[in-house]
Amino acid sequence: MNAQELLATLGVADAKPFDGRLLSRSPIDGGVLGGVAPTSLDEGRAALARAQAAFLRWRNVPAPRRGELVRLLGEELRVNKVALGELVSLEAGKIRSEGAGEVQEMIDICEFAVGLSRQLHGLTIASERPGHRMMEQWHPLGVVGVISAFNFPVAVWSWNAALALVCGDSVLWKPSEKTPLTALATQALFERAVQRFGDAELARDLSQLLIGGAELGELLSDDPRVALLSATGSTRMGRAVAPKVAARFGRSLLELGGNNAIIVTPSADLDMAVRAIVFGAVGTAGQRCTSTRRLIVHKDVHDELLARLEKAYGSVRIGDPLAEGTLMGPLIDRGAFEQMQAALAQAREQGGRVLSGGERVLADQLPNAYYVRPALVAMPAQSEVVRHETFAPILYVLSYEAFDDAIALQNEVPQGLSSAIFSNDVREAEAFMAAAGSDCGIANVNIGTSGAEIGGAFGGEKETGGGRESGSDAWKAYMRRATNTVNYSRALPLAQGIKFDL
Ligand code: NAD
């Protein structure tokens, strides 16, 4: 199906590319897929007021009932998985199974959140005072702003929205200006869930869309009614957003750039390592926040691993992401291609040797699309370009002799999202995960850096921003905690033995 047919299937009535609309272009061929009316700043402010009103209604609804709305959303996503996944492929360029996988992730987080809606519990804590009970409660927080990046055009909203909704919050979503159609389709599915909820009035405006660029993200950053701003994108964006939210004492949850490494030790299973490295570095054309960008290889296995990798790289099928057998689709746009070329030029200047790939392909057939061969680059040291996240399929290869040096290299970058080690030596594997090991939010053993499950908390340290979303207890960021002490005695003892007798 083409984009307009998919949109009609998903319940989007009008996404024609009229004048004045934000146009969506497919990275597959550069063609226009459709257009979306942009949200003006005044409309954004009005949406914020509606979101605040929706929050004030929703916070009083029992959490398990709130979970019912998320259950219905999960059902809509399940029924429409193929169509929405295909639209993700058309608009973001992901291969078919990754597009479908992104929607599966949305379904998974809905199911997680439904279970969570009966488990938003606090602690009962021993009080030092007789006849007193101390406990904590978790209450709804407010309006949650969501800013998302082009590379996970719909899943990031669902990680945030599914939790926010069961936590009693309302949501305002500013998707990437590069992927407005998938956002519109997701919103249409959400509206269907609202209609089936049984009380559409109660659930009205619980999640709304703001279509446009950074100015709408700035609106969310500046407005004190946005209690939590969950912002996913580049570190540059995080640097702009975080001080604004902090200046008004708001909360932010930052999911920013990564520069993820795999360490390959002498005891590694190289068959497994090669598969994980290629999926991590080449999958989604290197455009995942968790893409593998650095390889830190022990000198004893260096030559063998590189020979196998070059062979594997040579067999990666590049082209139309919706075609059977394609493993790597296009870069998102010309800008991404230019950044990749600039990084490769810098790598050469800094002593690097491009072992394979890096060049544009299919340009004669698709002059407005940017397909590349993934690049393998041997670096003499962890130079400036290696320490920088370039959002493209470039894998820098470094070698090490002493295990501690491998850990030091792994940690010596400004970002701290994902990391992995391939080792069958339990000492190395445990040391990698220990306090003095990887400093990342994700540290894996014998699996790659990308493709996290929703059950764990997702996020990273340092310039990645420190936020955690998705599973585990990430829901706590979407609620406020109240500590309650109840005195059921007839006396009024003070804590710490303080006497204050009148
Ligand atoms: P980007 O920073 O260009 O844009 C992300 C979003 O931020 C967009 O919606 C954009 O409109 C908005 N934005 C940009 N400037 C803003 C400002 N000053 N104020 C408010 N909003 C602003 O990123 P991108 O190119 O879409 O995505 C790629 C980046 O996202 C990579 O760095 C990648 O690592 C990162 N990313 C991180 C995660 C994670 O979970 N850590 C997940 C996906 C992507």
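Would any residue of segment 71-98 have its amide N under 19 Å from a label point 7 Å out along Cα→Cβ of ASN2? List them or say none. Under 19 Å, as judged by backbone N against the label point of ASN2, lie 83-84, 86-93 of segment 71-98. FRET efficiency for the ASP404 to ARG317 pair, using the beta carbon distance and R₀ = 35 Å, is estimated at 0.35.
Between the residues PRO367, HIS302, SER315, the greatest Cα displacement towards the positive end of the dipole of segment 297-378, with unit charges on the Cβ of Lys, Arg, Asp and Glu, is found for HIS302.
Of all DSSP beta bridges in segment 260-445, what percent run antiparallel (nearest 5)?
Numbers: 5 of 28 bridges.
Approximately 20 percent, going by the DSSP bridge assignments.
Candidates LEU376, SER127, LEU220 compared by Cα position along the dipole of the chain: farthest toward the positive end lies SER127, with charges placed on Cβ.
Charged neighbours of GLN382, selected by a Cβ distance under 11 Å, balance to -1 (K, R count +1; D, E count -1).
Between the helical axis of 235-247 and the longest alpha-carbon principal axis of the chain there is an angle of about 20 degrees. Need one word for segment 4-72: rounded, prolate or oblate. Basis is the Cα gyration tensor (sqrt eigenvalues a ≥ b ≥ c); a/c below 1.5 gives rounded, then a/b vs b/c decides. Here segment 4-72 falls in the oblate category. Distance between the 7 Å Cα→Cβ label points at ASP19 and GLU324: 4.6 nm. Relative to the Cα centre, the charge distribution of the chain, modelled as +1 at Lys and Arg Cβ and -1 at Asp and Glu Cβ, gives a dipole magnitude of about 1480 debye. Straight-distance candidates among the lysines for linking to LYS94, with alpha-carbon spacing under 17 Å and chain neighbours fewer than 8 residues away dropped: LYS81, LYS178. Put the Cα centre of segment 469-499 next to the Cα centre of segment 208-225 and the gap is 33 Å. Mind giving me the FRET efficiency for MET433 and GLU453? R0 is 25 Å, r the Cβ-Cβ distance, nearest 0.05 is fine. So the FRET efficiency works out to roughly 0.90. In the chain, the longest principal axis of the Cα atoms and the axis of helix 96-116 are about 20 degrees apart. Here segment 133-152 and segment 68-131 have alpha carbon centers that stand 14 Å from each other. In this simple spin-label model, placing a label point 7 Å from the Cα along the Cα-to-Cβ direction at both ALA345 and THR483 gives a separation of 5.7 nm. Ranked by the mean number of other Cβ atoms within 10 Å of their residues, highest first, the peptides 374-386, 160-172 fall in the order 160-172, 374-386. Where a ≥ b ≥ c are the square roots of the eigenvalues of the C-alpha gyration tensor, would you call the chain rounded, which needs a/c under 1.5, or, failing that, prolate if a/b is larger than b/c, or oblate? It comes out oblate by the Cα gyration axes.
What the Cβ-Cβ distance of ASN446 and SER472 gives, at R0 = 35 Å and to the nearest 0.05, is a FRET efficiency of 0.95. With both residues required to sit in the chain, DSSP beta bridges show an antiparallel share near 35%.
Helix 81-92 axis versus longest C-alpha principal axis of the chain: approximately 60°, rounded to the nearest ten.
Taking a ≥ b ≥ c as the square roots of the eigenvalues of the Cα gyration tensor, an a/c ratio of 1.5 or more together with a/b larger than b/c marks segment 260-445 as prolate.
Take every Cα pair under 8 Å whose residues are at least 6 apart in sequence, average their separation, divide by the length of segment 132-205, and the relative contact order is 32 percent.
Protection proxy ranking of 320-332, 409-421, by the mean of other Cβ atoms within 10 Å over each peptide's residues and highest first, is 409-421, 320-332.
Computed 3J(HN,Hα) for segment 178-188, one whole-Hz value per residue from the Karplus formula 6.51 cos²θ - 1.76 cosθ + 1.60 where θ = phi - 60°, is 7, 9, x, 6, 5, 5, 4, 5, 5, 4, 5, glycine and proline marked x.
Dipole magnitude of segment 260-445 about its Cα centre, charges +1 at Lys/Arg Cβ and -1 at Asp/Glu Cβ only, in debye to the nearest 20? Can you show the working numbers first?
Details: 15 positive and 23 negative charges, 95 e Å.
Once rounded to the nearest 20, the dipole reads 460 debye.
Simple spin-label estimate for ALA214 and ALA240 gives 0.3 nm between the two label positions (7 Å along the Cα-to-Cβ direction from each Cα).
At a 10 angstrom cut-off on C-beta neighbours, averaged per residue, how do the peptides 124-134, 143-153, 431-441 rank from highest to lowest? Working shown, then result.
Details: 124-134: 12.5, 143-153: 26.5, 431-441: 17.3.
Descending packing order for the listed peptides: 143-153, 431-441, 124-134.
Just so you know, all these numbers are worked out from the coordinates, no wet-lab data involved. Just so it is clear, the structure is predicted and the values come from calculations on it, not from any experiment. Positions of Cβ are backbone-derived with ideal geometry, glycine not excepted, and every protein chain shown enters the neighbour counts.
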